[in-house]
Amino acid sequence: MNLLQGKRALVTGVANRWSIATGVARALHEHGASLALTYQGERVKDEVEKLAAELGGAPTFECEVSNDGSLRELDGVLERDFGPLNVLVHSIAFANKEDLAGKVFETSRTGFSLALDVSAYSLIALVSALRERLADGASIMALTYLGATRIVPNYNLMGIAKAALESEIRYLAFDLGERGIRVNGISAGPIKTASMRQVAGATKMLDVVPKIAPLRRNVTPEDIGKTAVYLASDLSAAVTGDVHFVDAGFHAMGMFPPDLG
C-alpha cells in the first residue's frame, strides 16, 4: 500500500546511509513519496547524492540552516524545481563535542548559542523560510530524544536543545493548525550513528536498552521510518503537537528490573 503516493517530502539532515534521516527517507520513498534531500557542506555531498540516486533520483540541495540566505535559496530552488511540500522532516542537531561530556554548568555561552541555534531554532527557521512552500494539510516532523525530558548523563547541552525543540513542536502546531498543518516529534531510541558516537559513553546504551525496554530490543532507522510514514500520511490527520516515542518502550520504565541485574 502506497500511503504517500502523490506527496512531496523534504528530508533534512541526511549525512550517510546509517543516519536516522536516511531511514526516514527510505520509508517515505517506499510508500510512494517524491523526495528531496538537503545536506550540509561539501563533506557529505557525494554520499547524499549516492543515496538520492537510490531513492528515485531525488534532487539534493545544500542548506546551512544557521544561514538565512541559504534558507532563502532553498525556498527558491524548491519553488522552481520541486513544488509544494506535503511533508517536512527536521533531523538536524549539533553541539560541540566538549559540551557533550562533563558538567552542564561548564557549558560556554558560545557553545550554548551554537547548539540551540542549529538543533532547535533551525526548525523555526525552516518553517518560516518554507511556509509558502508548505501545502495546506502538510505534515512536519522533528527528530528528538528522551534526553529532552529525562537526565541522560553526557547528553547535557543536547538534551537542553531537544527540550527547546519539543516546545517548539507544540507552539508551531498551534500556529500552523489553522492551515491544517500538523507538527509532531519522533523521540527515537539510541541508534548507532555518527552523531551518537559524539556523546561520551552513548554506545553503552545499546547494551542497556535490550535488558530494560519492554520489547527487549534496540530500535532501528527502519522503525523510525515506519512512524514517519504514519505521521506523513492521512492516517494521522488529527494528530498534532505530540512527541511519539519509538524506543521499544524504554521511556516508560521507572527502574531497572531486579531480575535483569
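Where a number appears in this text, it was derived from the coordinates with a stated rule and is not lab data. Just so it is clear, the model here is predicted, and its values are computed rather than measured. Note: ideal-geometry Cβ built from the backbone for every residue, glycine included; neighbour counts use all protein chains shown.
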Amide H of D247: which non-local residues (sequence gap of 5 or more, or other chain) have their own amide H closer than 5 Å, using H built in the peptide plane? G189
Picking from G185, G137, G225, which is most flexible by a Gaussian network model of the chain using Cα springs under 10 Å? G137
Using alpha carbons only, how many degrees (0 to 90, rounded to 10) separate the axis of helix 42-54 from the longest principal axis of the chain? 70 degrees
Given pairs K97/K192; K97/K204; K45/K162; K50/K204; K204/K226 and cut-off 19 Å on Cα-Cα distance, the over-length ones are K45/K162; K50/K204; K204/K226
Helix 156-176 axis, angle to the chain major axis (alpha carbon atoms, nearest 10°): 40 degrees
Residue-by-residue Karplus 3J(HN,Hα) for the stretch 103-112, coefficients 6.51, -1.76, 1.60, Hz, glycine and proline x: 9, 4, 6, 8, 4, 7, 4, 5, x, 4
Rounded to the nearest 10, the angle in degrees between the Cα long axis of helix 20-30 and the longest principal axis of the Cα atoms of the chain comes to 50 degrees
Please give the length that would be gained between S167 and E54 if that part of the chain were fully extended, namely 0.36 nm times their separation in residues minus their C-alpha to C-alpha distance (nm, one decimal). 37.2 nm
R0 = 30 Å: FRET efficiency of D46 with R131, Cβ-based, nearest 0.05? 0.45
Under 5 Å, built H, 5+ apart or other chain: amide partners of D242: G185
Convert each backbone phi in the stretch 227-243 into a coupling constant with the Karplus relation 6.51 cos²θ - 1.76 cosθ + 1.60 (shift: θ = phi - 60°), then list the ³J(HN,Hα) values in order as whole Hz, x for Gly and Pro. 5, 4, 4, 4, 5, 7, 8, 6, 5, 10, 4, 10, 10, 7, x, 10, 10
Can you list which of the trypsin sites (Lys or Arg not before Pro) found in the stretch 4-80 are DSSP loop residues with at most 15 other C-beta atoms within 10 Å? R17
Fully extended contour minus Cα-Cα distance, from R17 to D242, at 0.36 nm per residue: 78.3 nm
FRET efficiency for S108 and I151, using Cβ-Cβ distance with R0 set to 25 Å, rounded to 0.05: 0.75
Among the GluC sites (Glu not before Pro) within the stretch 62-138, which fall in a DSSP loop and have no more than 11 other Cβ atoms within 10 Å of their own Cβ? E132
